[in-house]
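Novice: The structure's right below; bear with me while I get my questions together.
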Amino acid sequence: MAFDTALLFAETNAPPGRRKYRYDTTDHPDLVEAAGYMNNKDDNQNLQRGDRIDVYLWSATPFAAGSLVTGGLPMIVTNVIGDDAAASAGAVNMAQVFLTTSLFSSGT
């Protein structure tokens, strides 16, 4: 599933860089976190560095009957490519707000 602007909801009305959003999707959070998944130019968004996006992973179409939230991650916008001449113009880069314990459980 590609990024769907209809599933991005602004939870706070603040200046860019201080907004909080909710995004519901069936895409794995690693895919959502990948550079270019969200794009200010292609998707007509006004995301800025510092905006927080809480990503909720659904088992099927979000909010459909029988669909369940199977996980969620808070993300922060770390960069937005503003150079119109760049091949990745408008790309929104995000990172997880909190590290998970799985990073430290390698068993070594």
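Novice: For residues that are surrounded by 15 or more Cβ atoms within 10 Å (Cβ to Cβ) and in a strand (DSSP E or B), scanning just the stretch 77-90, find the one that is modelled with the lowest pLDDT. Step through it out loud before you land on a result.
Specialist: Narrowing the stretch 77-90 to residues surrounded by 15 or more Cβ atoms within 10 Å (Cβ to Cβ): 77, 80-81, 89-90.
Still in the running and in a strand (DSSP E or B): 77, 80.
Working: Val77: 90, Val80: 86.
Checking each candidate, the answer is Val80.
Novice: Follow-up. What pairs come out if I take residues in the stretch 35-50 that are closer than 13 Å to Ala95 by Cβ and at pLDDT 85 or above and pair them with residues that are surrounded by fewer than 16 Cβ atoms within 10 Å (Cβ to Cβ) and among the charged types (D, E, K, R) whose C-beta lies under 7 Å away, six or more apart or interchain?
Specialist: These pairs meet every condition: Gly50/Arg18.
Novice: If you go through the stretch 6-34, how many residues are assigned to a loop (DSSP other than H, G, I, E, B), small (Gly, Ala, Ser) and without any contact (Cβ under 8 Å) to a residue 12 or more places away in the chain?
Specialist: Total satisfying the criteria: 2.
The values are calculated or read from the model by the stated rules, or taken from the named source; none is laboratory data. Just so we're clear, the structure is a prediction, and the values are computed from it rather than from any experiment. Backbone-built Cβ (ideal geometry, glycine too); neighbour counts: all protein chains shown.
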